[in-house]
1. Report, by residue number, each residue of the stretch 54-85 that is surrounded by fewer than 17 Cβ atoms within 10 Å (Cβ to Cβ) and not aromatic (Phe, Trp, Tyr).
2. Read through the list (1) small (Gly, Ala, Ser); (2) assigned to a helix (DSSP H, G or I); (3) modelled with pLDDT under 95, then give the number of the only condition that Ser334 fails.
3. Looking at the stretch 110-117, can you tell me whether even one residue there is without any contact (Cβ under 8 Å) to a residue 12 or more places away in the chain, part of a helix (DSSP H, G or I) and more than 20 Å from Ile21 (Cβ to Cβ)?
4. Under 8 Å between Cβ atoms, at least 6 apart or on separate chains: pull out the pairs that start in the stretch 337-357 with a residue that is surrounded by 16 or more Cβ atoms within 10 Å (Cβ to Cβ) and end on any residue that is of a type in the set (Lys, Arg).
5. Tally the residues that are over 22 Å from the mean Cα position of the chain (by Cα) and in a helix (DSSP H, G or I), restricting the search to the stretch 266-293.
6. Pull up the stretch 112-129, narrow it to residues that are within 14 Å of Gln198 (Cα to Cα) and among the small types (Gly, Ala, Ser), then point me to the one that is surrounded by the most Cβ atoms within 10 Å (Cβ to Cβ).
7. Suppose we filter the stretch 313-331 for residues that are in a helix (DSSP H, G or I), in contact (Cβ under 8 Å) with a residue 24 or more places away in the chain and either hydroxyl-bearing (Ser, Thr, Tyr) or farther than 17 Å from Gly20 by Cβ (or both); how many remain?
8. For the stretch 249-261, give me each residue that is exposed (fewer than 14 other Cβ atoms within 10 Å of the Cβ) and in a helix (DSSP H, G or I).
Amino acid sequence: MKAERIFYLDAMRGILMILGIVIHSAQIYSPEAVLRVVNPDTSILMKYLVDSIHLFRMPAFFVVSGFFCYLTLEKYGVAKFFKVRLSRIAIPLVTCIFTLNVAMFYVLTATGWRDMSLTEFFVSGRYINHLWFLVDLIYFFVITALLHHVGIVQKITNVITSLPVFKKIPLWSLIFVLPFLTLGIMFLNKVGIPIYVQKYGVFAPYSILYNFVFFIFGYAMSMHRALYRSFTQLSPIISGGILAAALLLPLVIPQGQGILDEVVSEYTYILAQWCSISLCFHFFSRFLGNHSHLSAKLSDASYTVYLFHFLALMVLSVFLVKLALPALLGFTLSCVIVFAVTYLIHVLLIKKVAVLSYLFNGK
């Protein structure tokens with residue numbers, strides 16, 4: 001595929017990042033109490049909102065990232081790719097750890113929402129917090145650049161898509177096969193390979209392997225034009241129907257405690273993720289396919305918005321929870337205020353001060 005700018009993918013990546021504000025704000029007002037700060041008044045609707053966004057947000061983001069990864073590798077080559085992409089990721093990661101995340105630690109500690117030392121904060125890996133996806137991206141960029149250099153992914157993709165079975169059925173039917181890759185990753189733990197571990201916040205095998213499936217699929221789509229067209233042009237009626245069936249099946253079939261029930265439950269959830277990704281591509285390509293001044297501004301600011309939003313949300317929420325606002329009101333205020341603050345930080349500081357642009361945006 002030609003290394004041309006695909007505007008809706010820029011918008012899609014930006015909006016998926018900005019949705020971090022929505023999902024984290026909802027967690028504060030969810031009865032599951034995932035975050036440190038919890039509002040006294042919670043709502044089950046917030047839980048459903050979190051679950052819905054969680055289903056597609058990061059998987060779709062990694063598919064888009066993989067898509068752009070191939071285009072960048074083709075445009076710059078491996079050496080310049082490392083220089084451009086790793087600086088874009090690694091520099092903001094390190095900067096945010098020692099500024100925004102440390103500041104968040106002191107805010108939560110001073111207000112009684114966190115009880116640990118700074119040493120524990122770092123040793124436990126919690127200093128990574130909402131920046132975990134940047135760590136995963138570093139692994140993905142390194143691994144994929146090496147695979148790209150030797151042409152392994154292209155060879156595998158060409159072999160798979162040239163099989164007689166794929167000449168008889170549409171390529172989008174791969175969504176039924178892809179969940180088995182993830183199930184295979186989960187099976188590694190069953191045979192004694194410790195994938196559910198976390199070392200100092202920078203090595204989490206399960207997260208890396210799970211999300212790499214989405215990333216490498218995006219890379220393969222960018223490389224293989226027919227696969228891209230088939231996946232992005234899949235009817236929303238088909239993908240929506242499969243999505244609904246995948247989510248409802250575990251509810252209507254009695255679930256036991258056996259390994260088969262566990263496999264069916266995991267398979268249907270992962271299948272639902274792939275269908276929701278397909279829907280994302282369909283709707284973004286349909287409604288944001290052309291260049292838009294507004295979507296360009298949101299895309300440009302999205303990195304800053306995401307990096308700064310968690311600290312802004314924690315500071316705001318420490319005060320809002322004291323008011324014990326109704327869940328919907330508190331959630332709405334959080335989303336609006338945090339987005340406004342972080343967007344202004346980008347426009348007034350990050351874009352205008354070269355040093356800050358380099359430290360927080362890597363450019």
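The values are calculated or read from the model by the stated rules, or taken from the named source; none is laboratory data. None of these values were measured; they are calculated from a predicted model. Here the Cβ is made from the backbone with ideal geometry for all residues, glycine too, and neighbour counts use every protein chain on show.
1. The initial filter retains those residues of the stretch 54-85 that are surrounded by fewer than 17 Cβ atoms within 10 Å (Cβ to Cβ), namely 54, 74-80, 82-84.
If the condition is that a residue be surrounded by fewer than 17 Cβ atoms within 10 Å (Cβ to Cβ) and not aromatic (Phe, Trp, Tyr), then His54, Glu74, Lys75, Gly77, Val78, Ala79, Lys80, Lys83, Val84 are the ones that fit.
2. (3)
3. The initial filter retains those residues of the stretch 110-117 that are without any contact (Cβ under 8 Å) to a residue 12 or more places away in the chain, namely 110, 112, 115-117.
Imposing the further condition that a residue be part of a helix (DSSP H, G or I) reduces the set to 110.
Filter again for more than 20 Å from Ile21 (Cβ to Cβ), leaving 110.
Checked the stretch 110-117: at least one residue is without any contact (Cβ under 8 Å) to a residue 12 or more places away in the chain, part of a helix (DSSP H, G or I) and more than 20 Å from Ile21 (Cβ to Cβ).
4. Ser357/Lys351; Ser357/Lys363
5. From the stretch 266-293, those over 22 Å from the mean Cα position of the chain (by Cα) are 290-293; that's our starting set.
Applying the additional criterion that residues be in a helix (DSSP H, G or I) yields 293.
Selection size over the stretch 266-293: 1.
6. Here the answer is Gly125.
7. Matching residues across the stretch 313-331 total 7.
8. Our first condition is that a residue be exposed (fewer than 14 other Cβ atoms within 10 Å of the Cβ); within the stretch 249-261, this holds for 251-260.
Within the stretch 249-261, Leu251, Val252, Ile259, Leu260 meet the criteria.
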